[in-house]
Structure formats: structure tokens, C-alpha cells
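The values are calculated or read from the model by the stated rules, or taken from the named source; none is laboratory data. Quick caveat, the model's predicted, so the values are computed rather than measured. We place every Cβ from the backbone using ideal geometry, glycine too, and count neighbours over all the protein chains shown.
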2 protein chains.
Amino acid sequence: MKASRFFIGTLKEAPADAEIVSHKLMMRAGMIRRVAGGIYDYMPIGLRSVRKVEAIVREEMNRAGALELLMPAVQPAELWQESGRWEQYGPELLRFKDRHERDFVMGPTHEEVVTDIARREIKSYRQLPVNFYQIQTKFRDEIRPRFGVMRGREFIMKDAYSFDKDRDGLAESYRKMYEAYVRIFTRIGLEFRAVAADNGSIGGSGSHEFHVIADTGEDDIAYCPSSDFAANVEAADALPLIAQRAAPTEELKKTPTPGAAKCEAVAQLLNIPLEKTIKSIILATDNEGAEPTIWLLMLRGDHSLNDIKTGKLPGLAGYRFATEAEIIEWFGTPPGYLGPIGTKKPVRVIADRTVANMSDFVVGTNEVDYHTTGVNWGRDLPEPEVADVRNVVAGDPSPDGKGTLEICRGIEVGHVFQLGTKYSDSMGATFLDENGKPAPMQMGCYGIGVTRVLGAAIEQNFDDKGIIWPEAIAPFEVVICPMGYDRSDAVREQADKLYATLQQAGIDVILDDRGERPGVMFADWELIGVPHRIVIGDRGLKEGKLEYQSRRDTEATLLPVDEAADVVMAKVRAALGK
Amino acid sequence: MKASRFFIGTLKEAPADAEIVSHKLMMRAGMIRRVAGGIYDYMPIGLRSVRKVEAIVREEMNRAGALELLMPAVQPAELWQESGRWEQYGPELLRFKDRHERDFVMGPTHEEVVTDIARREIKSYRQLPVNFYQIQTKFRDEIRPRFGVMRGREFIMKDAYSFDKDRDGLAESYRKMYEAYVRIFTRIGLEFRAVAADNGSIGGSGSHEFHVIADTGEDDIAYCPSSDFAANVEAADALPLIAQRAAPTEELKKTPTPGAAKCEAVAQLLNIPLEKTIKSIILATDNEGAEPTIWLLMLRGDHSLNDIKTGKLPGLAGYRFATEAEIIEWFGTPPGYLGPIGTKKPVRVIADRTVANMSDFVVGTNEVDYHTTGVNWGRDLPEPEVADVRNVVAGDPSPDGKGTLEICRGIEVGHVFQLGTKYSDSMGATFLDENGKPAPMQMGCYGIGVTRVLGAAIEQNFDDKGIIWPEAIAPFEVVICPMGYDRSDAVREQADKLYATLQQAGIDVILDDRGERPGVMFADWELIGVPHRIVIGDRGLKEGKLEYQSRRDTEATLLPVDEAADVVMAKVRAALGK
């Protein structure tokens, strides 16, 4: 491509509504343009990267045996009513009526449509397994679209849906997709982790999220550097940090802690480690026609409550925090100095796994300005119910026993999910098994946010000059910047020759023949993030040299003119793993 | 591809709502499945053909210098309000509100969005010309979607929009697109014609429709077999069929023609050619606060009125047919025996070009049951206003003077259109010209109905067994049908070998390893329309032969096993023009 025949629209400043770096840089590089909130044009230079992501996704999906089809964006409400999601889905589901006043939705996802296909087309176990996928524009009416393509309303997704005759088949289909995703993100050239996710509210069980690692990520991920364990912080098992409880060494003692309502203040005041203190978190669950059950969850002072784990404990589904009135009624004191000993009314005590193995610890006394030190299980209070109710922290043992956890931030770009029979049951997608009996199909669903990948790639790869694209999804792999293309025959000839050579070798190269000043050229291509740059000028040519610079290099390297093409080709191919 | 890993869903019967052959065959071949009225799934085998059309379109658009981008499906109402189409567009424009009660449309076309891009991005004549295109899902809320993908609601379109600094530039951009379209439909392998279209109501001037020729087409096309002239019948110039008016030879004579109100009856009664008779068509145009103007249009008895041409004549915009009361008032007689001579009140007479050169012709006498024969211009009535007001018919001279016209039917699959400044003016898309003055951009728009091409291709290419795909857009180019793949080692080995050879040569081949009976296999692939079939069986192999049959052949040909791959490759490549 010659730049004079292309469309380049870089901006000096990002618009005010661009909050994060990928949004700013995609706007400034002219990759996207805003049409409405969360709705963008993909300009030619942006679409090139979109198409490269799509091509890699398509190749790997095909390699994994999935079959591409295309379902409609506009879907009839009846299907969503059958699955129950017409009611369950919030206002993110864009609903509208056609000219005949029939209800439709603009599809945010396609479980209903694909299940409708399966139940009509698949009659026999002999037709299974099958995995249908599409790469398609979706719409999700976000209440506050932001972050550019990271949380837009209209976006491109690859969604796949597998159908199997049994759970073993589903596990195998799931494994193939998991492996395809690993190949996809590896080929794209991103640092990523497959994260065991909490299943959330989608239903079914067994899922992994694929996260691109970036400091600006929305999700906290716990991972083990010495194994492939990775999980959302909310989902990662928090093991006890004390293997065995030590025998008591201190006496129980009521200690004045004036003004120290928080564990940190108590530890400072008493000059003890924070790890000796316990925070008491008071929850409530309501009982029909009776007073609520009040729960006291005991966590180590430096730990935090994990509400997902907590909500899954027996009796705690739908819990809420206790009100101040309830706390005064049950504990005889307002919040701040609460503890498990000497409550006014009985409470259910649950100790976090670590707390359960502590000894000589400190709790609130249920009296303002006082704590109790030297508390020990069994001696001072009964053995507790024990559960994992906290978030893991860096330094925790990895649940797989292979090291200690680190925490990083990630951006979710893919999700593989074992749906089981959720949709098959609600929509009646059955097949005849080997015995001629109808059975529900086992479904999996597998998504990749194609346009989101671009944003995530930038969040992981940028500097103060602009984007630094991985070769595989760069709009161009190489840019040739001739100094004086219009003035110097030597420069023009050399630039054209190199351009032709690289193009014939299948390198995705752009020749900047716009006639811009070098400063403008360099700034544009650094902003756009083309990974390899060649500068050709009269001065260098006199010595038979040109300048090569990778987007990550701080300085240019002089290369003999005759070797330049080979050097650059080798670099591009190495980066693409060819 | 091996059929056992693919998804084939042929049907014995088409659903009852499938009226036309392409709809029936696409359903029966399992290419599409209905989701709602005019909304379809493209199943894997159907999507393969869609993608092949897209790829050809994309290659030729790129070759023509157009730049691919992607605009959103969901568009804010504000843009449509600016262009005026928010009011002008009928209920085909799907309008809806988002969760914040803001108005949006689901784009049926993208003039507004692309003009918004142009006015923001293009500042200077130096950035022109530019041509942006996209291949994208569109929605048009047809009141009665029918004919499968031919008139669906959700469909895939390639739409392109050119921007130029002046009319000459637009003409050049238009020419490039016209030529690209010729290449596209030629490569797809369809018989088509580029038809000069009436501009209809879209605005602007200068357009061609690309029609696939098929007996089932919706449009009548006049074309010249000995040149490339082609136009919609409504738009084609009707030349005078008589080069020069002959001198009168007959006397004017009032002749009884009892009961013969129609030209055909008059000709029969008087035993004269229909070409000697004139039909008088009475039109009216209303005048504010005055009586209407009454027009008498004279056409030869065998010709028909062209209402588009008529409506464009000076004074005739918005014409209507005269009422019976008006006819009685102006002509003194009810309809049936009307003519230009001796009207009660003055009428405006317009003679069709052919009529203007006639002599000794027959007209009504304005008296029931009488005609006047031997009528001649100048002698019996004043020289008329002359205009082209009739539809062309087969046998008419071609307007380009290169032969005579034929009439055929066509299916519109593409449209190139010079918009001029319609949108640039209403939406303020200006640039600074060479003199630093703002000027409106000259726009063209260029559409191809990607999914419609499939339907049109089938309407042109089918038989009673099913579809006959042109190679370039067939879901597969070659099918290998082994007889007893599971039973015979020799058959399986030969089939696998041939499959591997063809695949390595880049042939899009499917091996039917499903283990179906030969009758089922053959019926499926004939229905699906794969253009080349190879049958491998033990009997043939014993003699070193296999069977080849093109989808258009009535019988199979025996080929030596060793030559089969080369023969088939040569046939496919020849068909693809490689």
C-alpha cells in the first residue's frame, strides 16, 4: 500500500471522552471514529487490524473443527421468551418492534438462535458433536459505554457453540476450544492467561476466561508464576496460611483501645502485627415471618471478604450486611468494636480458614474502645464453623501446591464456558441417542471479543509515542519512510525497489509517499504503531546504508541497502513464528 | 473438507412459503434457514458461497483503489434528520430507541454515516478523491419480505461511497466502479447486463443497475445483442420507427367502426395493420384556481405509454388520467372513440416520435362507433408537439444505432449511482479547493447485494435436480463420491489420494465419507449444485477408471484414475479463468 492512496487521519489530541490509553491511541491513530456513544466507525487503518484478528480466529476455529455460519443480528423475541432471557436480561438487551409491532432484539449473543438451529437440524447422535461459530456484529446497550472498543455498544465478536451427546463429549469440545484459544492469543502475540472464572450468573458450570495481562485491566487475577494456575481473585481458593494451630500462650485480656475501631489502628496501638488481629464482619439473612439470622464472619485483619464465596455458603445465599439497629440489638454496641465473645443474642460464627488456625489473637469486645487480646479457640470460644470467605492476596500459597500466588490485572478478551443443558432444556433441543431415546444436547459456548482484542493489545503494548502493535495484528508490518521521495531520484528508486521486494515477499508494507516532513512521518507511524520502520535518505544512500528501527528500539540501526529487505523479512517472520 | 466433519442438511421438500426457485433450492440445499420473516441463518454450506462472493467483491474493490472500512449497523437518528431522510424514508427504515430513549436506526444504507466521516476527516482537495467501502449486514424492514435472500429484511451488502472535488472526478470514480462491477460479475460467472437506469427517487443523476439475466427477474430490460446498450424498459429511448414522414395518399374519411373502441378491433374491422392505428390517451394536469389542462397523447396502436418519460415532459409533472366527466366536457363523447380532431375544448396534443412521422393513419372521431382514416399531419391537423412517451419493444432500433433491441428480464444485484452533492449539501460536507475556497464534495454510491447475488445466480442456473453453481461461488468446486468408502479399501485409498491431491492443488473439494447410499449422495450434491463430481467405485477401479460428471453434463465420462486429478483441476481453473 502506498500512503498517498490510503487514508491516514492521525490526531494530535485525543477527544475529552477518551479515558484510557487504548481509547486515546485508537482515536489519535485514526483507527476508530465515534458515531454515537459506544458506536464507532472502523476506519481503513483500524479495520486492517480487525481483519487480522478475525483471520487468525477463523483459521484456528477451522483447525479445531468448528464450522462457520452466520446467524442474524436481529432476532425474534419468541426465542428469548422460550429461553427465559426475555425477562432475565436487563436493559443491555436492545428490544424493539418491527413495522408489524412484533418484538425483536438486536442480538448481544446467540445461544437462543443456535439452539433453535440445533433442535431443528440435529435429530440423531450421529450428527454430534458439532461446533458452530460466527464472527459477527453484536449489540449490547451498555448504560455507560466507555473505554472505546473495550466497552462499546456495537462490537464484533466471535461466538461458537458446541453440541455434544454427553458430558464427556462436552468436556472434549471444551478442551479443543481451550486449546484453540491458547493458539489464537499466542499467535496474536499477547501476554495472556487462561483464568478459572467464577461462573457468575450465566448458568452451567466449568469455564475459563482468557485475560490479556495489562496494568490497566479491570480484573484482578491471581496466578502462580511456577505453574499455569490462574484464577480471578474472586474465584481463587484461599488456603489457610497457618498449617496447624499453635497452643495458647496468652491469657484472655480486655484491653483498652480508645478510638481504634479498625484492625490497623489496633495493631499500631498495641504494637502487634496486623496478622494477629481479627476483623468481624456482620451479615444478615432474612427469615420469612421471623427475625433475621445474624452471622459473624471472622477474617484476619489484613484480609478482605470475598462476597462470591460467601454467598455460596449454606444459608448465606442472598445475604446482606446487618443494619446498625440489628448490630446494636445482637451485640449491644454500635459497629466498631465487635467480636464473637459475649454477644447479646446468639450469632452464627464463621471463621476464615486462616483464622481457624490462629491462636492468641485479638478481637473486639462488643464495647466501645475495648478489644480482647489472647483469644484462643476452644478455650475462650467454641470451635467455629470454618470456610473460605476471603480474597487471595499476593504471597498466598497457590491452590495447586506449586508455589505462591502473584496478583496481576487483566482484560477479559475470551471466555469458554460449559453450558450443559441450560438452553437445551428450556428450548427442547434433544436428539435420539444410541438407544433411540431422546436426550438433551450438552452445550458449550465460546466467545472472543474481536474488537476488544485490539484495545487490550494496546493496553499491553504502548509507550508515550503511541501504539506498539504485535506484528500479527499490526495494520502494517513495515513502513518505509523515504526522506525526499519527490526530490531525490535515488531515494525514490530505492524506496520503490524495497517496497516492491517486500510486497512480493508477502510482507504487509506501506510506503509513505505523502511528501510529509520527516518529523510528521515519524510521529504518525510511531503513533500508529507499525512495528518495523525503514528510513531511506540521500545521506545514508551515499554510503550504501539505510536506517532500520523496530518500534521498541530506542535507536535506529544502519543496514547495508542490499541486506535491508532480508533483515526486515527475517524479523517479521520470526515475530509471526513463520 | 470431509463431509463427515461438515454439516449437510438437505431437505426433500421446500417449505410452503418458498415461492421462487432460488428460495426453494437454498432451503432444500440447507444453505439458509428461516429465523423470522426475511431473516435467515446462513448455514455453513451457504456461508461458503457468501464468503466467496465477498472475497471477489473485496479483491476487485481493492484493485479499483477503494478503501475498506466498517461503519456501524446502528446509527443515530440525528444524522438522518440532517439529511432529511428521517422524514422521507418510509417504514422500511427500522427506527428504535435505546435505553436512554434516544432515537436510532438500523442502517439500510450508509450515506449519512459516510458523509459524516467525510465532513470530519476531509479538509482539503489534496485528500480527494477517496472511495470508502464496506461489506456489512444491513436491515430493511420490508412490509412483505419474500423470495428468500432476494428480498429479505437482514442482508449483506457491499456499499461504497466515492468523494471527489468536482464532477469530472466523480465521473472518473464512477467509471472505475462501473469497470470493477463488470469484473466482479464476470468473475462470479454470471450472465449480466449493466443497465442505464431511471434515477427514480434517490436523487442525483447518472446511474447504472447491474442485472443478472434470468427469466424470473422482476425487471424488464431492453438490450442490444450487437452492442453493450442496455436499459430498463422504462428508461430506454424509443426512437421513431419511421425515419421520414411519407406524403399523404388517402383522403380524410369518417368511417363507421361499430363496437371497435380499441385499436386492435379497429385494425381488424378495417383490415389494416395495427401499425396504422393511433391510440389517444387523455391526461390532465391541475391548475390552481383554474380548470385543468387536458392533454392528448398519441401513440401507435401497438405501443404503450411510458409514465416515467411522460412525467418528465414540461408541464406534465404530476399528471393524472383525465376523468370521464372531463373527457365528456373536452371531447363531447365518453372514452373509446377519442381523437385530436374536432375536440369541444382545446387540448394539448403530443405525438410520440413514431406517430409524428406517420401518414394516412387512423384516429377516433370523438363520436361513438366512428373513426377517421387517412389522417395526415399538416393537412388535417396541425404539426404536433413531439416527444418520446412510449416503452420500447423488441425489434425497436437500439438508441446507440448499432442494431435492434431485445427484451429480457433481469434481477438487480448492483447499482452505481452519481449522487452529486445531495448529501454534501444537506450535511455540509465541504473541502477547501485549490483556491482555498470551500466547495461541496461530489459523491457517488455503489452497492452490491452480496446475499442477493446468490439468489440471482440460482435463478439463472438451476435444473430440476437443483442448483448449478458457477465455480467461483460454489460452496465446493468438486465433490468426490466414493461408492463404499467404509467397505472397500481400494475405493477408500483412491478417494483419499485424489482428495489430498486436489486439496493440495488448492481445489475446494469435499469428500463424501458419510457412508450414505449412492442415490442419496448423488441427489444431495446435485441439489447443492457442486459443479464437478467424481465417483469412485470398485467396478471402475478394476479397469483403472473413475467417473467424472460436470453438473451440466447429462452423462458421466470415464477417466483413467491417474488422469482424473489433472482433468478436474484443468476444468475448475478454466472455469475460474486461471
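List the number of the failed condition for A:R175; all other conditions in (1) assigned to a helix (DSSP H, G or I); (2) surrounded by 14 or more Cβ atoms within 10 Å (Cβ to Cβ) hold.
All conditions pass for A:R175, except number (2).
Can you tell me which residues in region A:1-16 are touching a residue at least 60 places away in the same chain (Cβ under 8 Å) and either hydrophobic (A, V, I, L, M, F, W, C) or at positive phi (or both)? Reasoning before the result, please.
Just the residues of region A:1-16 that are touching a residue at least 60 places away in the same chain (Cβ under 8 Å), to begin with: A:1-4, A:6, A:8, A:10.
If the condition is that a residue be touching a residue at least 60 places away in the same chain (Cβ under 8 Å) and either hydrophobic (A, V, I, L, M, F, W, C) or at positive phi (or both), then A:M1, A:A3, A:F6, A:I8 are the ones that fit.
May I ask you to list pairs of residues, at least six apart or on different chains, whose Cβ atoms are under 6 Å apart, with the first in region A:394-413 being under 21 Å from A:E218 (Cα atoms) and the second being among the hydrophobic types (A, V, I, L, M, F, W, C) and outside any strand (DSSP E or B)?
From region A:394-413, the pairs are A:L405/A:C224; A:L405/A:V392; A:E406/A:A394; A:I407/A:A394; A:I411/A:A214; A:I411/A:A456; A:V413/A:V453; A:V413/A:A456.
Could you look through region B:430-449, keep only residues that are surrounded by fewer than 22 Cβ atoms within 10 Å (Cβ to Cβ) and aliphatic (A, V, I, L, M), and pick out the one that is farthest from B:G152 (Cα to Cα)?
Going through the qualifying residues, I end up with B:L432.
Could you count how many residues in region A:1-39 are touching a Pro at 6+ places or on another chain (Cβ under 7 Å), farther than 30 Å from A:I507 by Cα and part of a loop (DSSP other than H, G, I, E, B)?
2
Would it be correct to say that B:E121 is acidic (D, E) and at the interface with chain A (Cβ under 10 Å from one of its Cβ atoms)?
On the way: acidic (D, E): yes; at the interface with chain A (Cβ under 10 Å from one of its Cβ atoms): yes.
Answer is yes for this residue.
Please enumerate the residues belonging to region B:59-93 that are surrounded by 14 or more Cβ atoms within 10 Å (Cβ to Cβ), touching a residue at least 40 places away in the same chain (Cβ under 8 Å) and either part of a strand (DSSP E or B) or facing chain A (nearest Cβ under 10 Å) (or both).
Within region B:59-93, B:G65, B:A66, B:L67, B:E68, B:L69, B:L70, B:M71, B:P72, B:A73, B:L79, B:L93 qualify.
What number of residues in region A:125-141 are of a type outside the set (A, V, I, L, M) and assigned to a strand (DSSP E or B)?
Going through region A:125-141, the residues of a type outside the set (A, V, I, L, M) turn out to be A:125-127, A:129, A:131-134, A:136-141.
Still in the running and assigned to a strand (DSSP E or B): A:131-134, A:136-139.
Qualifying residue count for the region: 8.
Do you know which of the residues in region B:143-167 that are assigned to a loop (DSSP other than H, G, I, E, B) and under 23 Å from A:L69 (Cβ atoms) is nearest to the other protein chains (Cβ to nearest Cβ)?
We begin by selecting, within region B:143-167, every residue assigned to a loop (DSSP other than H, G, I, E, B); these are B:143-145, B:147, B:152-153, B:165-166.
From what's left, under 23 Å from A:L69 (Cβ atoms): B:145, B:147, B:152-153.
Numbers: B:P145: 10, B:F147: 17, B:G152: 9, B:R153: 7 Å.
Among those residues, the one meeting the criterion is B:R153.
Could you run through region A:459-470 and say how many residues are crowded, with 24+ Cβ neighbours inside 10 Å and either touching a His at 6+ places or on another chain (Cβ under 9 Å) or assigned to a loop (DSSP other than H, G, I, E, B) (or both)?
Residues in region A:459-470 being crowded, with 24+ Cβ neighbours inside 10 Å and either touching a His at 6+ places or on another chain (Cβ under 9 Å) or assigned to a loop (DSSP other than H, G, I, E, B) (or both): 1 in total.
For B:A394, indicate whether it is of a type outside the set (F, W, Y) and over 24 Å from the mean Cα position of the chain (by Cα).
Working: of a type outside the set (F, W, Y): yes; over 24 Å from the mean Cα position of the chain (by Cα): no.
For B:A394, the condition - of a type outside the set (F, W, Y) and over 24 Å from the mean Cα position of the chain (by Cα) - is not met.
When you check B:R51 against the structure, is it part of a strand (DSSP E or B) and facing another protein chain (nearest Cβ under 10 Å), yes or no? Can you show your working first?
Details: part of a strand (DSSP E or B): no; facing another protein chain (nearest Cβ under 10 Å): yes.
Taking the combined requirement at face value, the residue does not satisfy it.
Under 8 Å between Cβ atoms, at least 6 apart or on separate chains: pull out the pairs that start in region B:258-286 with a residue that is free of Cβ contacts under 8 Å to residues at least 12 places away in the same chain and end on any residue that is among the aliphatic types (A, V, I, L, M) and part of a helix (DSSP H, G or I).
B:P273/B:A267
Among the residues of region A:94-110, which ones are within 23 Å of A:G444 (Cβ to Cβ) and assigned to a strand (DSSP E or B)? Write out each step before concluding.
At the first step, the residues of region A:94-110 found to be within 23 Å of A:G444 (Cβ to Cβ) are A:105, A:107-110.
Correct list: A:V105 only.
Take the conditions in contact (Cβ under 8 Å) with a residue 24 or more places away in the chain, under 26 Å from B:R183 (Cα atoms), of a type in the set (F, W, Y) and buried (at least 24 other Cβ atoms within 10 Å of the Cβ) and apply them to B:Y423. Does it pass? Even if it seems obvious, please write down each step before you answer.
Values: in contact (Cβ under 8 Å) with a residue 24 or more places away in the chain: yes; under 26 Å from B:R183 (Cα atoms): no; of a type in the set (F, W, Y): yes; buried (at least 24 other Cβ atoms within 10 Å of the Cβ): yes.
Spelling it out, it is not the case that B:Y423 is in contact (Cβ under 8 Å) with a residue 24 or more places away in the chain, under 26 Å from B:R183 (Cα atoms), of a type in the set (F, W, Y) and buried (at least 24 other Cβ atoms within 10 Å of the Cβ).
Return the only residue of B:R33, B:R28 being basic (K, R), more than 8 Å from chain A (Cβ to nearest Cβ), touching a helix residue (DSSP H, G or I) at 6+ places or on another chain (Cβ under 9 Å) and closer than 24 Å to A:Q75 by Cα. Let's see the steps before the verdict.
Numbers: B:R33 fails: more than 8 Å from chain A (Cβ to nearest Cβ).
Criteria check complete, one pass: B:R28.
Suppose the filter is more than 15 Å from the chain's Cα centre (by Cα) and modelled with pLDDT of 90 or more; does B:A222 pass it? I'd like the intermediate steps shown before the answer.
Working: more than 15 Å from the chain's Cα centre (by Cα): no; modelled with pLDDT of 90 or more: yes.
In short, no.
Among residues belonging to region B:97-118 that are within 8 Å of chain A (Cβ to nearest Cβ) and surrounded by 19 or more Cβ atoms within 10 Å (Cβ to Cβ), point out the one that is farthest from the chain's Cα centre (by Cα).
Checked region B:97-118; the qualifying residue farthest from the chain's Cα centre (by Cα) is B:D98.
I need the full set of residues from region B:151-165 which are out of contact with any Leu (no Cβ under 9 Å at 6 or more places or on another chain) and modelled with pLDDT of 95 or more, in order please. It would help to see each step written out before you state the result.
At the first step, the residues of region B:151-165 found to be out of contact with any Leu (no Cβ under 9 Å at 6 or more places or on another chain) are B:151-152, B:154-155, B:157-160.
Answer for region B:151-165, where residues must be out of contact with any Leu (no Cβ under 9 Å at 6 or more places or on another chain) and modelled with pLDDT of 95 or more: B:E154, B:F155, B:M157, B:K158, B:D159, B:A160.
So which strands (runs of 3 or more DSSP E) stay within region B:216-322 end to end and still have 2 or more residues that are exposed (fewer than 15 other Cβ atoms within 10 Å of the Cβ)? Spell out how you get there, then give the answer.
Numbers: elements: B:219-223, B:230-232, B:253-256, B:278-287, B:290-300.
Correct list: B:253-256, B:278-287, B:290-300.
Suppose the filter is touching a residue at least 24 places away in the same chain (Cβ under 8 Å) and surrounded by 24 or more Cβ atoms within 10 Å (Cβ to Cβ); does A:V478 pass it? Full working, then the answer.
Values: touching a residue at least 24 places away in the same chain (Cβ under 8 Å): yes; surrounded by 24 or more Cβ atoms within 10 Å (Cβ to Cβ): yes.
So A:V478 passes the test.
Would region A:144-152 turn up any residue that is surrounded by fewer than 23 Cβ atoms within 10 Å (Cβ to Cβ) and closer than 26 Å to A:A180 by Cα?
Checked against the condition, which is being surrounded by fewer than 23 Cβ atoms within 10 Å (Cβ to Cβ) and closer than 26 Å to A:A180 by Cα, region A:144-152 yields at least one hit.
Which members of region A:368-393 meet the condition of being part of a loop (DSSP other than H, G, I, E, B) and touching a residue at least 40 places away in the same chain (Cβ under 8 Å)? Reasoning before the result, please.
Quick first cut of region A:368-393, residues part of a loop (DSSP other than H, G, I, E, B) only: A:368-369, A:376, A:378-380, A:382-384, A:388-389, A:391-393.
Listed by number, the residues that qualify are A:D369, A:N376, A:R379, A:D380, A:P384, A:D388, A:V389, A:N391, A:V392, A:V393.
Tell me whether region A:517-535 contains one or more residues that are among the basic types (K, R), in a loop (DSSP other than H, G, I, E, B) and either more than 21 Å from A:R573 (Cβ to Cβ) or modelled with pLDDT of 95 or more (or both). Please lay out each step first, then the result.
So in region A:517-535, the residues among the basic types (K, R) come out as A:517, A:533.
Adding the requirement that they be in a loop (DSSP other than H, G, I, E, B) leaves A:517.
Still in the list and also either more than 21 Å from A:R573 (Cβ to Cβ) or modelled with pLDDT of 95 or more (or both): A:517.
Yes, because at least one residue in region A:517-535 is among the basic types (K, R), in a loop (DSSP other than H, G, I, E, B) and either more than 21 Å from A:R573 (Cβ to Cβ) or modelled with pLDDT of 95 or more (or both).
So, in region B:29-70, how many residues would count as being closer than 25 Å to B:M521 by Cα and over 25 Å from the mean Cα position of the chain (by Cα)?
Total satisfying the criteria: 4.
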